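Any read-out appearing in this document is the output of simple, stated calculations on the displayed coordinates, not a laboratory observation. This is a predicted model, so every value here is computed, not measured. Virtual Cβ from ideal backbone geometry, glycine too; neighbours counted across all protein chains shown.
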Amino acid sequence: MKRNQLNLFLVVLSLYCGQLIAQFNYGEALQKALFFYEVQQSGELPDWNRVSWRGDSALEDGSDVGLDLTGGWYDAGDHVKFNFPMAYSVTTLAWGAIEYEDAYRDSGQLDIIKRNLRFVTDYLLKCHTAPNELYGQVGNGGVDHGWWGSPEVYPRERPSYKIDEANPGSDLAAETAAAMAAVSILLKDDDPTYSATLVTHAKQLYNFADNFRDEYSNSITDAAGFYRSFSSYQDELVWGASWLYRATNEAQYLDKAESEYDNLQREGQSTIAKYKEAFSWDDKAYGAYVLLAELTGKDKYKEDAERNLDYFSFNVNGESVPTTPGGLPHLRQWGTVRYASNVSLLSVIYADKVTTDPVKQARYGDFAKRMVDYALGDNPINRSFMVGFGNNPANDPHHRANSGNWTNSQSGPPEVASHVIFGAVVGGPKSPDNDDFVDDRGEFIANEVACDYNAAITGVLARMYGEFGGDPLSDFPVDEVPSRSEIRSVSKFNSNNPFGSTIRILIQNRTAWPARVTDKLSYRYFFDISEGIAAGKTIDDYDISLNGVGSSAQMEIKSAGGSIYYAEITNLPSIAPIGDPQFRTETQINVRVQNGVPYDTSNDWSAQGINESEDLESENIPVYDDGVLVFGNEPGGLLSVDDINESGLVVYPNPSKRVLNISGDTSVLQNGKIVITGILGNTIYNKSITNNTTGTIAINTIDFASGVYFLNLTTNEGRQLTSKFVKE
């Protein structure tokens, strides 16, 4: 008796102490876990989507069958909409929000999860085209997985697949019914009409599942290699009926759930309900144990639920789930953190809503906290498995949109992921022998992310927030700034001598903020014929032509004033970041002169930084999208020394003097910048102009090795003045 009292005291003490320890900011983690679902949105993005680098995509989904099947979530790091795991994710997310609604509300995330779930049920309603007809997949898995790029520019066909009376799918139909029923509960007070619509469709779908029985992957055969329901459909029949009862309170659905319950799979050859697996997109039986225990309070369901939970958190007859050295359950190498999270959600719901036994409440609550803390960074390798959260997080997951690749190559470029998919939970350690993990996007077993990976842990995070707190970030998310030039020119001289030159110019589309097709690009190449003018020549003495390299590009020579001209190249072909060479287009500008016509590219604005050995990004060959400058620098008129004198800046023609004389209208010269570059575009002097800067500025540190330099003055008004000066 005393031992039992001591055990009870220790349990109460552990619960009390646990309330004092919040190892992580669960509010922030919850906030980010929900953000991930906005990254996964397909179709036309709602105005509340917060992912600055995503755009509309897959706007023709369903057109192959004459329907609008746009919307929903992309499944994982790919672009297929697999409705079976998608519906599971909706049901599980909604369950967490129903059970922990106060925590969602207090953390400011309730409206966010509601709108995200409604976005998907809108799509599922589109897919339910008749009482006994349901579209269950858009996109072919094999075709999709053979391409690596962003969804906004997806270049392949996206076929639509359905189940119907002739080709049924009880697991898919019943899970979709469960999803609609669960969301109807969550949205009932906000929109009773929409909630009722969901219930109507859920009832039809459940009847379809019950009356026309088969596994959906026998009908949608492409799904068999990705999301075949190995547990068959009996678990979904129980699960779907249970959710319909909770949504409608109609006894027929509880009767149905209980009558089908006894047909669930057994553990091995025994008569005991199976317990050595985890709740997942495939197997809802373990969720049904907990849900029916909650709905009925019957010992039968409690015993089955506790046996499953004890297998993970304690032991059953001395046997427990295999774990890594760090304590992570390891059922299989795929998605280890996901399975631990799934069991954790059942654990906290059972502890909070079903059992009144303080020992079991502590056991299951402690297990869930250990598992979520493991995922957030409390593990032997001291790193977070949630992207963009905690210490040394996994920030380069196996996810096409995240990588922002433009050459249809998983390995890159870019080597570093273009984006951060905040909140996405990766699969986790592959081996039961250790807790090791490599943040490698090519490691799809350990490092992929998926909608179902985040579904249960999101509810657990809400539960932890309710107990331990942790403020969501007030400035989240911050719009991403592109980490590279999305549109750019890359150039080199194929030849360059006193008789002419050939400049190879590649215009590239490396867009990812968001990715997009470009079909209105143009560029300008600026050159200076002052040496020819000094010899009495004109622009007509220069033979300038364009080689479109197979395209219909066009060129026009225009004056920029004085001795400066530019070639404007338009009508470039459409390019998109979908592969190589599809992301780029090549043109070549040829300049030829007759004997006696001086020709020197060293004073040409656009020749700076170009050489004959390699293609280099050429910032002085500006690129325009539909007439708007999107890359590079215009010369700003290439003012002469006399022009700059009139602006108050005197440049000594002999740079060996190493001074700049600043005088004149000081209001123009306030808060500007002086930059001197060499002929290769390298910056050799950079100095800010402070208020009322006048007099002489020494630039003794400059090594004037070559004879041509460019001085750029940016004024506080944003004006850019540029002058070439030559060593005497």
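Side notes on the structure shown:
- Between Asp47 and Thr538, the distance separating the two model label sites (each 7 Å from Cα on the Cα→Cβ line) works out to 5.7 nm.
- Here Lys360 is the anchor, and the aspartates and glutamates within straight C-alpha reach of less than 16 Å, apart from those fewer than 8 places off in the same chain, are Glu294, Asp299, Glu303, Asp304, Glu306, Asp310, Asp352.
- Among Leu45, Leu572, Leu473, the order by Cβ neighbours within 10 angstrom, fewest to most, reads Leu473, Leu45, Leu572.
- Cross-link pairs beyond the 31 Å C-alpha cut-off, checked among Lys32/Lys188; Lys81/Lys302; Lys114/Lys256; Lys126/Lys369; Lys32/Lys298: Lys81/Lys302; Lys126/Lys369; Lys32/Lys298
- Put in line by how crowded their Cβ is, counting other Cβ atoms within 10 Å and starting with the fewest, His145, His399 read His145, His399.
- Classified by the C-alpha gyration tensor, the stretch 22-468 has a rounded form. Its axis ratio a/c, with a ≥ b ≥ c, is below 1.5.
- Under 5 Å between amide hydrogens, built in the peptide plane, is the criterion, and for Ile487 it picks out Arg510 among residues at least 5 positions away or on other chains.
- If R0 equals 60 Å, the separation of the Cβ atoms of Glu101 and Ser270 corresponds to a calculated FRET efficiency of about 0.95.
- Prolate/oblate/rounded label for the stretch 269-384 (Cα gyration tensor, a/c 1.5): prolate
- Residues Asp255, Asp396 in ascending order of nearby Cβ atoms (within 10 Å, fewest first): Asp255, Asp396.
- Once you reduce the stretch 209-267 and the stretch 528-556 to the center of their Cα atoms, the two points are 73 Å from each other.
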